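Derivation of every value follows stated rules applied to the coordinates shown; laboratory data play no part. None of these values were measured; they are calculated from a predicted model. Cβ sites come from the backbone with ideal geometry, for glycine too, and all protein chains shown count toward neighbours.
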Amino acid sequence: MSTYMYLTCMDHDPPLLADDESGQHHYDLPRIWREIENREEVANRMHDNWTNIEEYFESRSAKFLAAHPRCDIGVTDEYGVRHPKPSTATTPNSP
Ligand SMILES: [Zn+2]
């Protein structure tokens, strides 16, 4: 069963969901959180010429992250459930 995942700007009231989903399964969450953590790099790589499904979702994340460069970003699924950062999303350089 798929669950669409949307980036969400928590600085908006009410929180603003992205128009396009960044993933369709719970196992996409670690990647989505990595994109949030590296938002500047992801936004800079924004492109429409995606060649695989990861880049397809990344380009959607990039579009939203570029529009919200300094906002508090969360992840919300299609049922309105918020998904906090999983521990597996921690990058090797994080404290
Ligand atoms: Zn915002």
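Using the Karplus curve 6.51 cos²θ - 1.76 cosθ + 1.60 with θ = phi - 60°, work out ³J(HN,Hα) for each residue of the stretch 5-20 in order, rounded to whole Hz, and write x for Gly and Pro.
10, 10, 5, 9, 8, 7, 7, 8, 10, x, x, 9, 8, 5, 5, 10
Would you mind checking which residues have amide H under 5 Å from Glu78's amide H? H placed 1.01 Å from N; only 5 or more apart, or other chain.
Tyr4
Work out how much length Ala66 to Tyr79 would gain on full extension: take 0.36 nm times their residue separation and subtract the Cα-Cα distance, in nm to one decimal.
Here the answer is 2.2 nm.
Assuming a ≥ b ≥ c are the square roots of the Cα gyration tensor eigenvalues, decide whether the chain counts as rounded (a/c under 1.5), prolate (otherwise, with a/b larger than b/c) or oblate.
rounded
When the dipole is taken about the Cα centre of the chain, and only Lys, Arg (+1) and Asp, Glu (-1) are charged at their Cβ, what size is it in debye, to the nearest 20?
Value, rounded to 20: 240 debye.
Amide H neighbours of Gln24 under 5 Å, counting only residues 5+ apart in sequence or on other chains, H built in-plane at 1.01 Å?
Excluding prolines and chain starts, which carry no amide H, the hits are Met5.
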